[in-house]
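First the structure, in the form of structure tokens, and then the observations on it.
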Amino acid sequence: MVTLRWVNAGSFYSDGWAKTRLAKMVGWRATRETVQVCSENVEWEHVGKNFLQCADEWINWMPAGGWQVPENAWHNGSLVFPVERV
């Protein structure tokens, strides 16, 4: 299980389903992709539409649609996924 909190330092535009890499697991990789909605302090129209995702060794943030993410937005969530040593 991985629990994380990410606060983006500056505003940025993200395309729908584009992955923003947050972390890389070293020595481990997920044996299947996992996606989970994250909680965020963003405008109402974007709440519940953004996800944390793990695939292979990468943990990512992904929005369902393109939008301008405001500066200092926080993104919280947990992912549970099986791993194997690499």
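The values are calculated or read from the model by the stated rules, or taken from the named source; none is laboratory data. Please read all numbers here as calculations on a predicted model, not as lab measurements. Cβ coordinates were reconstructed from backbone atoms using ideal geometry, including for glycine residues, and neighbour counts include every protein chain displayed.
Miscellaneous remarks
- Whenever a residue of the stretch 24-38 is touching a residue at least 12 places away in the same chain (Cβ under 8 Å) and exposed (fewer than 13 other Cβ atoms within 10 Å of the Cβ), its partners that are of a type outside the set (A, V, I, L, M, F, W, C) and part of a strand (DSSP E or B), lying with C-beta atoms within less than 6 angstrom and at least six residues away or across chains, give the pairs Thr31/Glu84.
- Where a residue in the stretch 68-86 is closer than 16 Å to Lys49 by Cα and touching a residue at least 60 places away in the same chain (Cβ under 8 Å) and its partner, wherever it lies, is outside any loop (DSSP other than H, G, I, E, B) and of a type in the set (Gly, Ala, Ser), with Cβ under 7 Å and at least six apart: Val69/Ser14; Asn76/Ser39; Gly77/Ser39
- Residues being part of a strand (DSSP E or B) and either within 13 Å of Trp6 (Cα to Cα) or of a type outside the set (A, V, I, L, M) (or both) - total across the stretch 57-86: 16
- When we screen Asn72, Asn60, Asn41 for residues that are surrounded by 13 or more Cβ atoms within 10 Å (Cβ to Cβ) and either touching a Ser or Thr at 6+ places or on another chain (Cβ under 6 Å) or modelled with pLDDT of 95 or more (or both), the only hit is Asn60.
- Residue selected from the stretch 44-56 under the condition among the hydrophobic types (A, V, I, L, M, F, W, C) and assigned to a strand (DSSP E or B), by the criterion surrounded by the fewest Cβ atoms within 10 Å (Cβ to Cβ): Ala55
- Considered as a group, the residues in the stretch 1-35 that are among the basic types (Lys, Arg) and assigned to a loop (DSSP other than H, G, I, E, B) include one that is nearest to Arg85 (Cα to Cα), and that residue is Arg32.
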